[in-house]
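Encoded as structure tokens, the structure appears first; notes follow it.
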């Protein structure tokens with residue numbers, strides 16, 4: 001059953017990086033907004049006459065906590081009608097027409113395999129929800145590796161939070177890499193990082209979230225390493 005459209009009210013906006021903001025949205029008609037970490041909501045924005053061309057979907061970046069406020073992480077895409085409207089028009093107190101939760105990009109029932117969360121840009125949002133949930137509820141798990149690719153240090157999202165989680169959550173590794181800047185950490189794209197960690201082809205589940213080019217290449221590389229399609233779970237942005 002597809003959730004009904006409802007009105008959300010933007011309660012807070014925070015500039016996270018030079019081109020990315022977090023929007024906290026309250027669903028006043030829902031005393032508790034119930035969702036699974038990794039799911040998304042769809043916004044109906046007044047940017048086109050055709051309804052389906054007004055719809056944009058965003059992963060929920062916060063974990064389910066029994067409340068009715070969710071966090072959305074939104075990047076200002078150059079030439080993007082939706083992000084231009086959101087960044088230029090939406091203020092604290094503005095309404096969003098939205099529905100959700102939607103999507104099947106969620107954690108498996110058992111976390112007994114090594115888990116690779118591979119993402120670029122705002123593709124980190126559903127993984128942040130998952131990691132918060134695992135940590136908060138002390139869910140048993142094996143190794144969890146967050147491989148996050150972005151261009152420069154100023155584009156790193158939730159870096160402080162992920163570093164803190166690495167210290168407090170046994171078996172969690174935060175592995176950011178930069179493609180356009182040399183720094184103290186890894187440089188280049190995400191692919192060599194997970195390939196190096198999986199050189200012994202141990203049982204693993206790969207969850208991929210981000211732009212199509214990264215996801216297509218990652219799927220091809222993971223299959224070439226000897227893993228199967230069932231070991232790969234995808235959430236495509238754009």
Fill in: Test: residue in the range 75-83 that is under 18 Å from the mean Cα position of the chain (by Cα), buried (at least 16 other Cβ atoms within 10 Å of the Cβ) and either closer than 15 Å to residue 8 by Cβ or not assigned by TED's automatic domain parsing to the domain that holds residue 15 (or both)
no
Discussion item. Yes or no: the range 135-148 includes at least one residue that is touching a strand residue (DSSP E or B) at 6+ places or on another chain (Cβ under 6 Å), within 19 Å of residue 22 (Cα to Cα) and surrounded by 15 or more Cβ atoms within 10 Å (Cβ to Cβ).
Written reply: yes
Worksheet entry | Selection within the range 135-157 - farther than 22 Å from residue 222 by Cβ and without any contact (Cβ under 8 Å) to a residue 60 or more places away in the chain | 135, 137, 138, 139, 140, 151, 152, 153
Fill in: Filter pass, residue 139 being assigned to a strand (DSSP E or B), more than 15 Å from residue 60 (Cβ to Cβ) and outside the structural domain of residue 39 (by TED's automatic domain parsing)
no
Worksheet entry | Condition check for residue 113: out of contact with any helix residue (DSSP H, G or I) (no Cβ under 6 Å at 6 or more places or on another chain), closer than 22 Å to residue 33 by Cβ and either modelled with pLDDT of 95 or more or surrounded by 15 or more Cβ atoms within 10 Å (Cβ to Cβ) (or both) | no
Practice prompt. Might you let me know whether the range 161-172 holds any residue that is touching a helix residue (DSSP H, G or I) at 6+ places or on another chain (Cβ under 7 Å), in the same structural domain as residue 208 (by TED's automatic domain parsing), part of a loop (DSSP other than H, G, I, E, B) and closer than 18 Å to residue 137 by Cα?
Written response: yes
Worksheet, complete the sentence: The one condition residue 93 fails out of (1) modelled with pLDDT of 95 or more; (2) buried (at least 22 other Cβ atoms within 10 Å of the Cβ) is (2)
Item to complete: Kindly establish whether residue 157 is within 22 Å of residue 22 (Cβ to Cβ), in a loop (DSSP other than H, G, I, E, B) and at pLDDT 95 or above.
Response: yes
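Which one of 157, 165 is over 19 Å from residue 115 (Cβ atoms) and crowded, with 18+ Cβ neighbours inside 10 Å?
Being over 19 Å from residue 115 (Cβ atoms) and crowded, with 18+ Cβ neighbours inside 10 Å holds for just one of 157, 165, which is 157.
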Worksheet entry | Every residue from the range 195-210 that is at negative phi and either crowded, with 21+ Cβ neighbours inside 10 Å or not in a helix (DSSP H, G or I) (or both) | 198, 199, 200, 202, 203, 204, 205, 206, 207, 208, 209
Worksheet item: Got a sec? Which of 115, 107 is closer than 30 Å to residue 202 by Cα and part of a loop (DSSP other than H, G, I, E, B)?
Response: 107
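I want to confirm something. Restricting to the range 173-188 and keeping residues that are in contact with a helix residue (DSSP H, G or I) (Cβ under 8 Å, 6 or more places away or on another chain) and at pLDDT below 95, which single residue is surrounded by the most Cβ atoms within 10 Å (Cβ to Cβ)?
First, pick out the residues of the range 173-188 that are in contact with a helix residue (DSSP H, G or I) (Cβ under 8 Å, 6 or more places away or on another chain): 173-178, 181, 183, 186.
Retained after the next criterion (residues that are at pLDDT below 95): 181, 183, 186.
Details: 181: 13, 183: 12, 186: 16.
Among them, the one singled out is 186.
The values are calculated or read from the model by the stated rules, or taken from the named source; none is laboratory data. All values derive from a computational prediction rather than experimental measurement. A quick note on method: Cβ atoms are made from the backbone with ideal geometry, for glycine too, and the neighbour counts reach across all protein chains shown.
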